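Report on the following structure.
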C-alpha cells in the first residue's frame, strides 16, 4: 500500500518561504537550547522530522567536521529541500534520509529521491 506524502500546511512557495523564515526566527532559541543540553564537537545526532532543514545547520555547526548529524524526513518533497539546505550551508557532516516507514526490526524502506 502506498503511503501518502501529505503535509497539512501545503507545499507551495508561500509555505516553503514561511518555513525558511521560521528556521531563521527560531535559530537563536534553538541554538541556546543546544548549548544547554551540551551538544559538542564530535557528537552524533539524529534529527527526526527535519522538514526542509530545520535545525540541521545548527547541529552541523555544533558537531563540527568530526561529528555527524542524520536528518530523517518522511516526505520526499521536504527531504529534497533539506538536502538542498544542507548543500547550501556546506555541511558535509550532515546527511538527510527520506524514510517512509521503519519496521519493528528497524529496517528502513526508502524511495529514491534525487539529492
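Each principal axis of the Cα cloud of the stretch 13-109 was taken in turn, and the coordinate range along them, longest first, works out to 36, 33, 22 Å. Annotation: for a label point projected 7 angstrom from Cα along Cα→Cβ of residue 15, residues of the stretch 65-87 with backbone N closer than 15 Å are 74-82.
Label separation (residue 48 vs residue 27): 2.7 nm, computed from points 7 Å beyond Cα along the C-beta direction. Principal axis analysis of the Cα atoms in the stretch 25-80 yields extents of 31, 26, 14 Å, listed in decreasing size.
Read-outs: derived from the displayed coordinates by stated rules, not from any lab. Since this is a predicted model, take the numbers as computed values, not measurements. Positions of Cβ are generated from backbone atoms using ideal geometry, with glycine treated the same way; all protein chains shown enter the neighbour counts.
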